[in-house]
Amino acid sequence: MDDKDKLALVDDLFMAETLASRGEGVDPAEVDAAAKRVRANIAAAKVALGKRRMAEAKAGLRGARGRLTVVSSNPGRGAGELKQLRVSDAALDRKLTMAARHQGADAEADEAGIEEDLADLKDWEEREGDR
């Protein structure tokens, strides 16, 4: 049952209670006015709930941002490690060379990306080692 169905049930309940409490001679305009007030109150409650949820979400986001750690990497550091890995592992060297040949005309951009990834990996390993 969605919110629209629930609101319709509240409306029906309100109408039934109003009609039962007043007996004969109920003014339909009064019933309509009362129903409009109930709908307005429900709509205001939804807005208030939405604002509260938004405030909680923003507070959570501020808290999460306060816990973020920015780590700068040194891409140049990865260049030496890449060369060392390529010398020590012939299979890796063949795979990297093959990837560079198949990737397109700019093999240097691919190598720079690999160096950056290696530097990031090294930074990650150092941070994990500190824990």
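No lab work stands behind these numbers, since they all come straight from the coordinates. The shown structure was predicted, so the numbers you read here are calculated from the model rather than taken from an experiment. All Cβ positions, glycine included, derive from the backbone under ideal geometry; neighbour counts span all protein chains shown.
Using the basic label-point model (7 angstrom from Cα toward the beta carbon), what is the SER88 to LYS58 distance in nanometres?
5.2 nm
Pop a pseudo-label 7 angstrom from the Cα along the beta-carbon direction at both LEU121 and ALA34 and give the gap in nm to one decimal.
Placing both labels 7 Å along Cα→Cβ, they lie 7.4 nm apart.
Excluding same-chain residues fewer than 8 positions from LYS51, which lysines have a Cα within less than 23 Å of its Cα?
Cross-link targets: LYS4, LYS6, LYS36.
Note the full-extension length gain between ALA43 and THR18 as 0.36 nm times their separation in residues minus their Cα-Cα distance, in nm to one decimal.
That pair, ALA43 and THR18, stretches by 6.9 nm at full extension.
Would you please give the FRET efficiency between ASP3 and ALA112, computed as 1/(1 + (r/R0)^6) with r the Cβ-Cβ distance and R0 = 41 Å, to the nearest 0.05?
Numbers: r = 53 Å, r/R0 = 1.30.
For R0 = 41 Å, the calculated efficiency reads 0.15.
Decide, for segment 3-67, between rounded, prolate and oblate: order the square roots of the alpha carbon gyration tensor eigenvalues as a ≥ b ≥ c, take rounded if a/c falls under 1.5, and otherwise choose prolate if a/b is larger than b/c, else oblate.
Taking the square roots of the gyration eigenvalues as a ≥ b ≥ c, segment 3-67 is prolate.
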